[in-house]
Amino acid sequence: MLIKLHDRFKNYLNLSHEADDAILATCFNPFFKMRWIPKGLTEADKERIQLLCINAAKQINIPNNEISTSDISDNEESFLIFMSPNRSNAVTDSSTSVELQILQFFNDKNKSFTCLNNYPVVKQLFINYNTNICSSAPVERLFSFADFIMAPSRSRLSDEQFEKLVF
């Protein structure tokens, strides 16, 4: 059974590129952030995951007035800035603030979902990767099933009995 589970989920267990959406969903969850990453993972793989998160954040369109890095203290700011001086000219202020926001989120000790309100980019990414797409298929199946129950031979069903049979 363990072999079959490992075979089925090997892309997720090995953190391959096919599992990038699952990696992003986990990283942007305030409970997990980057704490779920295995200790035996190489630094290159950890950096790949961090860059994956930053690149996903750069693709989100959040107005600049919602992106704020003013909450960062001097110690945190010097800790979070990882860009070299020659690279800083090529990167815009908004992408730098997005990177800072992502890194500040990862360093935040708060595990509650309310902390997402402090990080609008991360909140949008959490919604994108951790919510289901709305679909009418389940509702359509429910109505089809209700048609079978509400046949002419069952025309005298009470509302309560009909509800019990459908649900």
Checked region 27-53 for anything buried (at least 17 other Cβ atoms within 10 Å of the Cβ) and more than 23 Å from Asn132 (Cβ to Cβ); matches are Ile37, Ile49, Gln50
Taking region 114-167 and keeping residues assigned to a helix (DSSP H, G or I), among the hydroxyl-bearing types (Ser, Thr, Tyr) and either touching a residue at least 40 places away in the same chain (Cβ under 8 Å) or in contact with a Phe, Trp or Tyr (Cβ under 7 Å, 6 or more places away or on another chain) (or both) leaves Tyr129
Per the filter on region 3-21, residues free of Cβ contacts under 8 Å to residues at least 12 places away in the same chain, in a loop (DSSP other than H, G, I, E, B) and within 18 Å of Thr42 (Cα to Cα) are Asn14, Ser16
Reported set for region 1-26 where residues are within 24 Å of Thr131 (Cβ to Cβ), open to solvent by 100 Å² or more (accessible area, probe 1.4 Å) and not acidic (Asp, Glu) is Tyr12, His17
Sole miss for Thr69 among (1) within 23 Å of Leu52 (Cβ to Cβ); (2) open to solvent by less than 80 Å² (accessible area, probe 1.4 Å); (3) at pLDDT 80 or above is condition (3)
If we ask which residues in region 91-115 are of a type in the set (A, V, I, L, M) and either over 18 Å from Ile23 (Cα atoms) or open to solvent by 40 Å² or more (accessible area, probe 1.4 Å) (or both), their number turns out to be 3
Can you find a residue that is surrounded by 15 or more Cβ atoms within 10 Å (Cβ to Cβ), within 24 Å of the chain's Cα centre (by Cα) and hydroxyl-bearing (Ser, Thr, Tyr) anywhere in region 131-141? no
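The values are calculated or read from the model by the stated rules, or taken from the named source; none is laboratory data. Just so we're clear, the structure is a prediction, and the values are computed from it rather than from any experiment. Here the Cβ is made from the backbone with ideal geometry for all residues, glycine too, and neighbour counts use every protein chain on show. Accessible surface is based on the protein model in full, side chains and every heavy atom, while ligands, DNA and RNA are left aside. Shrake-Rupley method; radii C 1.70, N 1.55, O 1.52, S 1.80 Å.
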